[in-house]
Structure formats: structure tokens, C-alpha cells
Amino acid sequence: MALNGNYVFEELGEVKCSVIEKNCSAERVEFLKKLLEFNGFTVVVVNSPPPKTAAKPAVATPDAPAAPVPPPAPTTFTVGVTDLTFNPVNGVYNRQLKTPDGRFVTVRYWKQQETESRDDIWYWKR
């Protein structure tokens, strides 16, 4: 949920996109998709690639039992928008994004630390 300061571009579903966030949960994707579509962006969501795994352990012998199999990685998603000029850091700090109730998106609202945007209180005064 961090705001990344770099402009990151990637092909998501064969569409060149500005990456908003990687490895998002389904709930986070739903939040971002509603917010960005409300602000007029075309949102593209794809499954994130599975994490890279370490080398396979040696075959079990009678002397050494096999290592336990790790649980499968949770399904995560990558969220992007087709507007290549959009950067989420600029969008939040320059007050370019609005919530459905007409307030500006704050950092705490973007990170889902608040359910209501308090744009009347500047982020450095908290």
C-alpha cells in the first residue's frame, strides 16, 4: 500500500499501463478500482506473478527427512491505469484525486487508514 515515487510502466493484459500498485489483495483492488474509475481513469487489473522460489532441496534420504512443503502463495493482483502520465504520488499530494463524496483524497484515505477523507486537515498537521 505504499506510495511509490517512481513512474513505473508495464504491459498489463497486453495494454501499456502506468502501474499503480503491485501485489494487492482483492479488497485493495476493489477500493483502488472504484476510486480511480470515479476519477476518470481506465483501470487494468491482472494477476501478479507468483513469487520466485528458492532452489529445490535435495531429495530426502532415510537419514534426512524431506522438508515440509510451503503453503501456496496467496493470489495477488497488479493494478494499473492506461493514462501513462498518471503517478499516484502526484495524484494524492497534488490533490488531483477526489472521493465520491467530493473531498480530496488524502494519504491516509489512499492507504485505507481512514474510511473518510479528511482533506480539511493537512497531512503534515497530523
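For the range 9-50, give me each residue that is of a type in the set (A, V, I, L, M) and closer than 12 Å to residue 78 by Cα. Listed by number, the residues that qualify are 12, 19, 20, 26, 29, 32, 43, 44, 45, 46. Looking across the range 85-102 at every residue that is in contact with a helix residue (DSSP H, G or I) (Cβ under 8 Å, 6 or more places away or on another chain) and not in a loop (DSSP other than H, G, I, E, B), the one that is nearest to residue 34 (Cα to Cα) is identified as 98. Between 67, 55, the distinction of being aliphatic (A, V, I, L, M), part of a loop (DSSP other than H, G, I, E, B), surrounded by 10 or more Cβ atoms within 10 Å (Cβ to Cβ) and modelled with pLDDT under 90 belongs to 67 only. Restricting to the range 74-126, and then to whatever is aromatic (Phe, Trp, Tyr) and at pLDDT below 90, can you tell me which residue is nearest to the chain's Cα centre (by Cα)? For the range 74-126, the residue satisfying everything is 93.
The values are calculated or read from the model by the stated rules, or taken from the named source; none is laboratory data. Remember, it's a predicted structure, so these values are computed and weren't measured experimentally. Virtual Cβ from ideal backbone geometry, glycine too; neighbours counted across all protein chains shown.
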